[in-house]
Every structure is written in structure tokens, then in C-alpha cells.
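None of the figures in this text is laboratory data; all of them are computed from the coordinates on show. None of these values were measured; they are calculated from a predicted model. Cβ placement follows ideal geometry from the backbone for every residue including glycine, while neighbour counts extend to all protein chains displayed.
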Amino acid sequence: PPFNVMAVEQVPIFPGCENVTSNEERRQCMSDKIAAHIQRKFNTNIAGDLGLKGEQRIYVMFKIDKQGHVTDIKTSSKYSLLNKEAERVIGKLPQMTPGKQKDNHVDVLYSLPIKFNVIN
């Protein structure tokens, strides 16, 4: 079974986070880079087109596999169009250095909420 990103011995390394050494800092670096990626790529106009207002949340979970690829993307929100957009954006994350447990590459689960405000 995959390891949770909080429990794995060596956290996957997101491109640009190679010089960070501790797991805690790697997790933070990965989180910051994923947030920046989402901010750049996510089309928030979809929510406006649906007539939504205020804060929107999409819960996302995915696996970083033994090769460092993002797979098994699962999304949860009330709106299938937002789920599809979240899947599209997370699917464009770059390949990472895979996580390790006892010197073996392992699958690692990562989850996050995507939150944004709809301003009409």
C-alpha cells in the first residue's frame, strides 16, 4: 500500500526543492510549488460560469508513484466541472523524485484542498 506523505521516510522531491534536506521542509516546498502550479493553471472562471459565489473548495488526493509520476487523481466537490478542472491541473504536475522507505522507491499519497474565491 502507498505511504502517506506525512509518514514516509523520504518525502518525494518536487522539482526546485532538491536543495531542501529535511522532510518537513521538503513537504513545505512541495506544498508551495503545488499551490503556485494550481494558481497558475486552474481556470477559476469555471466557477463563475456555474454562477458560484464566495469560497469554493475542491478536495484532491493523488499518488506519486515509484517513478515519481502523479497518478490515481481523485477529486471531491459538489460540481463535476470543478472536479474535472482539478484533475486536469493536478495531472499536469511535473515528474518528481519518488519517495523512499528503507532505501526503496515507494508510492506516496498526497492530499490537499484547492480553495479559491469567486469574485463576480
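Here are the numbers:
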quantity: Exclusive hit being in contact (Cβ under 8 Å) with a residue 40 or more places away in the chain and either crowded, with 17+ Cβ neighbours inside 10 Å or farther than 21 Å from N4 by Cβ (or both), set Q39, Q56; calculated: Q56
quantity: Filter pass, S80 being surrounded by fewer than 20 Cβ atoms within 10 Å (Cβ to Cβ) and either in contact (Cβ under 8 Å) with a residue 40 or more places away in the chain or closer than 12 Å to P12 by Cα (or both); calculated: no
quantity: Enumerated strands (runs of 3 or more DSSP E) restricted to the range 18-120, each holding at least 3 residues that are aliphatic (A, V, I, L, M); calculated: 54-64, 108-118
quantity: Hits in the range 43-65 - residues which are of a type in the set (A, V, I, L, M) and out of contact with any helix residue (DSSP H, G or I) (no Cβ under 8 Å at 6 or more places or on another chain); calculated: L52, M61, I64
quantity: Checking L50 against (1) over 18 Å from L109 (Cβ atoms); (2) under 16 Å from the mean Cα position of the chain (by Cα); (3) in contact (Cβ under 8 Å) with a residue 12 or more places away in the chain, the condition it does not meet; calculated: (2)
quantity: Selection status of G99, touching a residue at least 60 places away in the same chain (Cβ under 8 Å) and farther than 19 Å from V5 by Cβ; calculated: no
quantity: Search result, residues across the range 59-77 that are buried (at least 18 other Cβ atoms within 10 Å of the Cβ), closer than 17 Å to N43 by Cα and not small (G, A, S); calculated: V60, T75
quantity: Any pair with Cβ under 9 angstrom, 6 or more apart, that starts in the range 104-117 at a residue that is over 16 Å from T44 (Cβ atoms) and ends at one that is assigned to a strand (DSSP E or B) and among the basic types (K, R); calculated: V106/K100; D107/K63; V108/K63; L109/K63; Y110/K63; S111/K74
